Protein chains: 2
Amino acid sequence: MSPDKILLSHGSGGKATHHLITQTLLKRLANPILNQLADSALLPYEKKLGFTTDSFVVSPLRFPGGDIGKLSICGTVNDLVMIGAVPEYISLALIIEEGLDYAVLEDIADSVAETARHAGVWVVTGDVKVVEKGAADKIFITTCGIGRIVKNRPLSVKNIEPGDRVIISGTIAEHGLAILAKRKDLGLGFNIKSDCAALSGMIIPVLKKTGNIKFMRDPTRGGLATTLNEIAASGGLGIIIDEARIPLSPKVRAACELLGLDPLYLANEGKALLVVAEKGAEKVLTLLRRHPLGRNAREIGTVVKKPSKQVVLNTVVGTPRIIDMLVGESLPRIC
Amino acid sequence: MSPDKILLSHGSGGKATHHLITQTLLKRLANPILNQLADSALLPYEKKLGFTTDSFVVSPLRFPGGDIGKLSICGTVNDLVMIGAVPEYISLALIIEEGLDYAVLEDIADSVAETARHAGVWVVTGDVKVVEKGAADKIFITTCGIGRIVKNRPLSVKNIEPGDRVIISGTIAEHGLAILAKRKDLGLGFNIKSDCAALSGMIIPVLKKTGNIKFMRDPTRGGLATTLNEIAASGGLGIIIDEARIPLSPKVRAACELLGLDPLYLANEGKALLVVAEKGAEKVLTLLRRHPLGRNAREIGTVVKKPSKQVVLNTVVGTPRIIDMLVGESLPRIC
């Protein structure tokens, strides 16, 4: 029997912690490595690895299309996929506020387990801390991920050259808008769902079938505009984007117009931005579109030598506009 | 120029985040892997690996003998060492409360960097989230660690047999007592310092020089009593401990008597509990004592077949006492 509320004793390292770990987490996440409940997980690896971490502090915990548990697996899985690694092992560290409904934790653990199963990863080690009421907001989750690099060929921004094509794997701005609508109780009537999804199933097969992908990144916080700017800045190149080609669902377009929001700066949690050699762009698009998550994949732009380190948007009205990184904060705690 | 306060925009993923990462973290933690600021770190590994995570929510952030930054590296380094892994790569995820003094973050980053250097590990990937004022208490840190297993021989509780000796690497209860004294402003006049330390320098050479260590664990939350119970329970064996042999500094003994606290349940952050084959116990003790952190190492008990899954303390007054895991919470947020 689990108690109704998370108590301070759930973070004490004693019996209540043991109960929480075995009854709430291990029961859902069991695998031969995690089952050992050792302080560290032993990974039977012999290849180059990807290793990543992300904390998740999303508010509200549950939103249309996902929750913090799903997000904490997808986010880390996607970070691995973006450097060309096949996600395999995940660590899960929870910071929980005293007084959280135990059922909320169970729902989150269910969601973590289901998402991990779906993404083909194992949670192999973890930690639980509980802080006093008011010292955290319900629950924060930090995951780490480890994955083997596909064909020992990690992707790098250094591979990018003028002429390369920029591809986005689907419609943008859905996660940011879903969180905003839910949080502000906007009652838009648009019913916009977060795109929160693990990208391994879509991306890894493409990576294995073509050598033409040069770099990838998932446009999360700061949106597509910020990610494009990061690529332009670190690659020392320019990027020209064709606004008319950016895939946007009619709902999202309508909501953004109504609210005066720029979808280019809204977060995505299930999209990949790919930079691909010109000759391989068509094949990559075809492969992406074979997967349900990639049906709306589009080529949206081109890498150019100049203007260096800038992103230029050719707008639908025909004028070019320089788009910058996100300045200030748009919407805190979207992930 | 860094600003005075952490703002919500430091967690936005935009320019302020970039500034925080490059100016505050990367400047202190630079290495060829982290410098790439990719979403994941690429690890050039070919051996069996240890992988661990821990969140740190200690309050106060700074205490005699350490701070949350030092703790967040030592804790994860020690978890790796305990399974027989040489710690090499660390991830660092920060959840920061809006309004935190920027100087506090800089001090913590200094401490992380110094401790990592001292322990011979690289922080290779990380994340920063900022939550609104009141949604977290100043700062929480989650680290993950990866390390290569020494000689491909991971330690396991399954190796433990009756007759094995139990060794503690030094005096106990210092971390728990230091936090308690600082937090309650007890003004004990004892000036007790936390034992917070990375154990790799002491333990790894011993592991390499002897095959007699069967299992190790660091007795953190829940103290020595809880850790001994975990070993007895998962090994299906009993442990007899001789109270008179447990190393305790005079200061800690006096403070515990004054406050009515049992040092067996107070946390340690720089001690290892080792289970060693009888024939190797003397050699392991000799090797431990060569290192400054192991000068007070003592053999404190023996593994027995029965009473199974129990820990019996032969007290200084001559009576045996069964000691259980910590029940309830002793002192929240000690790590």
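The values are calculated or read from the model by the stated rules, or taken from the named source; none is laboratory data. This is a predicted model, so every value here is computed, not measured. FYI the Cβ positions are ideal-geometry reconstructions off the backbone, even for glycines, and counts take in every protein chain you see. Remember, those area values only see protein heavy atoms, side chains included, never the ligands or the DNA or RNA. Shrake-Rupley method; radii C 1.70, N 1.55, O 1.52, S 1.80 Å.
I need the full set of residues from the stretch A:17-53 which are modelled with pLDDT under 75, assigned to a helix (DSSP H, G or I) and surrounded by fewer than 22 Cβ atoms within 10 Å (Cβ to Cβ), in order please.
Across the stretch A:17-53, the qualifying residues are A:His18, A:Gln36.
Being in contact with a helix residue (DSSP H, G or I) (Cβ under 6 Å, 6 or more places away or on another chain), polar (S, T, N, Q) and outside the structural domain of A:Ala198 (by TED's automatic domain parsing) is the requirement here; does A:Thr53 meet it?
Numbers: in contact with a helix residue (DSSP H, G or I) (Cβ under 6 Å, 6 or more places away or on another chain): no; polar (S, T, N, Q): yes; outside the structural domain of A:Ala198 (by TED's automatic domain parsing): yes.
It is false that A:Thr53 is in contact with a helix residue (DSSP H, G or I) (Cβ under 6 Å, 6 or more places away or on another chain), polar (S, T, N, Q) and outside the structural domain of A:Ala198 (by TED's automatic domain parsing).
With the stretch B:192-276 as the region, which strands (runs of 3 or more DSSP E) entirely inside it contain at least 2 residues that are open to solvent by 10 Å² or more (accessible area, probe 1.4 Å) and in contact (Cβ under 8 Å) with a residue 40 or more places away in the chain?
Counting at least 2 such residues, we get B:213-217, B:238-242.
Considering each residue of the stretch A:89-118, count those that are open to solvent by less than 40 Å² (accessible area, probe 1.4 Å) and within 11 Å of chain B (Cβ to nearest Cβ), and give that number.
Total satisfying the criteria: 9.
From the list A:Val157, A:Val150, A:Val121, A:Val86, exactly one residue is under 25 Å from A:Arg295 (Cα atoms), open to solvent by 20 Å² or more (accessible area, probe 1.4 Å) and within 14 Å of chain B (Cβ to nearest Cβ). Which is it?
A:Val86
Tell me which residues, restricted to the stretch B:301-321, are within 26 Å of the chain's Cα centre (by Cα), in a strand (DSSP E or B) and more than 14 Å from every other protein chain (Cβ to nearest Cβ). Spell out the reasoning first.
Here is the first cut: in the stretch B:301-321, the ones within 26 Å of the chain's Cα centre (by Cα) are B:301-303, B:309-313.
Restricting the remaining residues to those that are in a strand (DSSP E or B) gives B:301-303, B:311-313.
Across the stretch B:301-321, the qualifying residues are B:Gly301, B:Thr302, B:Val303, B:Val312, B:Leu313.
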